[in-house]
Amino acid sequence: MPNGNLVAGIDPASVGLELRLGRLSRENVETKGRRYLLEGRLIVREVIGDRIRATCRGSGSTWRLGFLNDRWYCECPARTRCSHLVALQLVTQDPYSGRDE
Ligand SMILES: [Zn+2]
């Protein structure tokens with residue numbers, strides 16, 4: 001870990017347990033996203049208005065991802081919600097979420 005900062009809302013103890021369990025079973029996308037975040041692989045580059053730009057290192061590459069035009073995107077080949085977006089969504093929020101509440 002690059003520094004000792006804890007990420008709000010994530011209990012390091014539970015993440016440790018998930019990582020240990022992940023070695024026994026296949027690491028799922030949620031667990032992987034949390035690990036990427038805790039390992040400092042996610043960098044939020046810019047948040048302007050309703051736009052988010054970030055990069056995340058994973059699977060041997062650095063992927064660009066973010067929120068643009070009312071939707072999340074990641075340039076990695078995953079077809080469903082990927083671990084990079086899981087990491088980003090742990091620290092940022094869709095600015096339109098909750099707008100119907
Ligand atoms: Zn991705």
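FYI, it's all coordinate maths here, none of it is from the lab. As the structure is a computational prediction, the values presented were derived from the model and not from experiment. Cβ coordinates were reconstructed from backbone atoms using ideal geometry, including for glycine residues, and neighbour counts include every protein chain displayed.
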Item to check | Estimated FRET transfer efficiency (T80, D50; beta-carbon r; R0 41 Å; 0.05) | outcome: 0.95
Checklist entry - Amide H neighbours of G58 under 5 Å, counting only residues 5+ apart in sequence or on other chains, H built in-plane at 1.01 Å? => result W63
Checklist entry - If you count, for each residue, the other Cβ atoms within 10 Å and average over each peptide, how do 83-89, 65-71, 42-48 line up from highest to lowest? => result 83-89, 65-71, 42-48
Item to check | Per-residue HN-Hα couplings for the stretch 51-64 [Karplus 6.51, -1.76, 1.60; θ = phi - 60°; Hz; x = Gly/Pro] | outcome: 10, 10, 10, 8, 10, 9, 8, x, 6, x, 9, 10, 9, 8
